[in-house]
1. If you go through the range B:324-368 one residue at a time, how many are part of a strand (DSSP E or B) and surrounded by 14 or more Cβ atoms within 10 Å (Cβ to Cβ)?
2. Please work out if residue B:202 is part of a loop (DSSP other than H, G, I, E, B) and within 16 Å of ligand 2 (Cβ to nearest atom).
3. Hey, among B:260, B:235, which residue is surrounded by 24 or more Cβ atoms within 10 Å (Cβ to Cβ), at pLDDT 95 or above and in a loop (DSSP other than H, G, I, E, B)?
4. On the basis of being more than 16 Å from ligand 1 (Cβ to nearest atom) and surrounded by fewer than 19 Cβ atoms within 10 Å (Cβ to Cβ), does residue A:101 make the cut?
5. Does residue B:81 satisfy being within 15 Å of ligand 1 (Cβ to nearest atom) and either farther than 18 Å from residue B:375 by Cβ or in contact with a strand residue (DSSP E or B) (Cβ under 8 Å, 6 or more places away or on another chain) (or both)?
6. Among the candidates B:14, B:83, B:23, which residue alone is closer than 16 Å to residue B:132 by Cβ and at pLDDT 95 or above?
7. Among residues belonging to the range A:31-82 that are at the interface with another protein chain (Cβ under 8 Å from one of its Cβ atoms) and in a strand (DSSP E or B), point out the one that is nearest to the chain's Cα centre (by Cα).
8. Checking the condition modelled with pLDDT of 95 or more, in the same structural domain as residue B:509 (by TED's automatic domain parsing) and surrounded by 24 or more Cβ atoms within 10 Å (Cβ to Cβ), which residue from B:439, B:414 passes?
Ligand SMILES: Cc1cc2nc3c(=O)[nH]c(=O)nc-3n(C[C@H](O)[C@H](O)[C@H](O)COP(=O)(O)OP(=O)(O)OC[C@H]3O[C@@H](n4cnc5c(N)ncnc54)[C@H](O)[C@@H]3O)c2cc1C
Ligand code: FES
């Protein structure tokens, strides 16, 4: 990916509204570089200032609940502890049913339940 | 089940017993009910076993010290008894705990924690935390709780529904008949019909901007119970944890420096380099209780002697470098090698051999909440509550390690008594109008194109909490908060508009629904704090700095009467012990 200027970091995020049947695509966001931020802080910034429609999970913010995992440049990482220091591509983790954007439904019994609710 | 009872409801789900919250308290309630043959559905706003405060704990869980010897084979102290444990809870809660419930708690704690160990909970070591006369803390990594409890729930084939946010409790003919809410994963509005509901939704720390707790802890259960007509109590006693990170953004609320101050000799300094604890507790200094450490730090900040980011300094520089280095080797496993959760704290903290760490009090726990009796019943038949966010055993402040024990004792009790209730009672079918009204309120923010955004309003709520209802409180500031809360409730909340109209996992929508709860919580917090004209436990009033055991051995109960918040005083339950009836300086406990 292209290098951005010193003052901002570019996040390329996979957007996929599987249920609303929007086509999957990548959106790019330019976020001001900040000392001592994580990817989660950057996602909060995007939701607040750039794109209210972005979907991601947050809970403990300290890397304990293990539920904010995504693929960052292809590797599984937790957004709440991953450093915000370079341009990145972010995608949902693989192998689970996608809810929307970066949020997935993680385990099989839960998936069955969801299926039931959706009437499928 | 299709056949929605309202045109706005996408789906109706039915169960006998509905449990809101899947963690320490909720999971235990579900296991107990399933063992009694009751059909249970557990719903959670996040992922089961991956949400709530339980897994974030670091963590001590209390049982009386004699049981540590007899049941857990640990070097506890056999002189301890459940009665002594009870007495310590009353001292720390400053005698406004519900004493009958405290006695049950102290008695049942060891057996319920033993269940966990029998199910495979891994205990690291034993701890003696301040406030306890004997060592009572079993040290357990917080993530052990969901590991063990989710396995037990799965073993019993308990049904879960994740990403479901309950918004309101449905009451029919004065009885709880289920809840309404949003399935965040599908965007559907659900009515879950149940013969009884147990609220296990935890605290409300998110009303503040700096918190140790997870993001979703927004007081939903307490606020929904309040709106449904349940009584809440002790809402003025939000608890803060001292010496948490307040900067940078990545680690705000992280309590690693608190752990350091607990394990090592530390100096808390104001901007002039003074050890301000000398003014508050010259004997114990930084080893004083958590509430006094918080109040002392907040007073320094309020009086203009704080650090750049609005806290104070925690220094270890008086210790030799190699001693500080060595500490990282013997800290408890979850904090060894400068780790807290997934963080290497050296990346975010200045080097403690060279510099002081900027820290501040962060909201950590909710001592008050939905008032329950010994059967976990609220004043609404069929509505039960357990765990954090219930008012009963902690009084003005909890003793260290006792929040986790609370979930393990009271979760199963709620499961047991609610099971007995559903075997005898069926909830009446709720009126269509009521469901329609609640669903309409829920959908409002999506339908409006113009109005305050949920993000703006969230900031305003936290601004009020941080500025006017923080650790040290004053009548004048509390009145300022209440003046702003009026229009927030009357105009801002009912007019919120999400900036995006997508139904599936819409963060704006979730925030809008949470904001309604947070405003209810903030009002309860501010009203009860204003009414209590003394200082006790985790509440410090600048303008009333003494503890008044003559007039204030009382609890404040709050209730929604036709949309108005009413506050009433009740005498505290002194069934077992009565303190001296005197007025003393804040902080004197024994
Ligand atoms: C960082 C930290 C460290 C701690 N350390 C200790 C310790 O060492 N010792 C100790 O005793 N205590 C400790 N505590 C306190 C203790 O962890 C909690 O009080 C306790 O775990 C609360 O358990 P709970 O089951 O009541 O609620 P939680 O664990 O908070 O669970 C709440 C559940 O309710 C769900 N929920 C919330 N709102 C809704 C809604 N609207 N709809 C559906 N579901 C909802 C959540 O998704 C979650 O599943 C600590 C707390 C924190 C934050
Ligand atoms: S939010 Fe819990 S691990 Fe990231």
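The values are calculated or read from the model by the stated rules, or taken from the named source; none is laboratory data. Nothing here was measured: the structure is a model prediction, and the numbers come from that model. Cβ coordinates were reconstructed from backbone atoms using ideal geometry, including for glycine residues, and neighbour counts include every protein chain displayed.
1. Just the residues of the range B:324-368 that are part of a strand (DSSP E or B), to begin with: B:339-340, B:343-344, B:357-366.
This time we only want the ones that are surrounded by 14 or more Cβ atoms within 10 Å (Cβ to Cβ), so: B:339-340, B:343, B:357-366.
Qualifying residue count for the region: 13.
2. Numbers: part of a loop (DSSP other than H, G, I, E, B): yes; within 16 Å of ligand 2 (Cβ to nearest atom): yes.
Yes.
3. Working: B:260 fails: in a loop (DSSP other than H, G, I, E, B).
From the options B:260, B:235, the qualifying one is B:235.
4. Values: more than 16 Å from ligand 1 (Cβ to nearest atom): yes; surrounded by fewer than 19 Cβ atoms within 10 Å (Cβ to Cβ): no.
So residue A:101 fails the test.
5. Values: within 15 Å of ligand 1 (Cβ to nearest atom): no; either farther than 18 Å from residue B:375 by Cβ or in contact with a strand residue (DSSP E or B) (Cβ under 8 Å, 6 or more places away or on another chain) (or both): yes.
So residue B:81 fails the test.
6. Numbers: B:14 fails: closer than 16 Å to residue B:132 by Cβ; B:23 fails: closer than 16 Å to residue B:132 by Cβ.
From the options B:14, B:83, B:23, the qualifying one is B:83.
7. Looking at residues that are at the interface with another protein chain (Cβ under 8 Å from one of its Cβ atoms) and in a strand (DSSP E or B), I get A:78.
8. Numbers: B:414 fails: in the same structural domain as residue B:509 (by TED's automatic domain parsing).
The conditions single out B:439.
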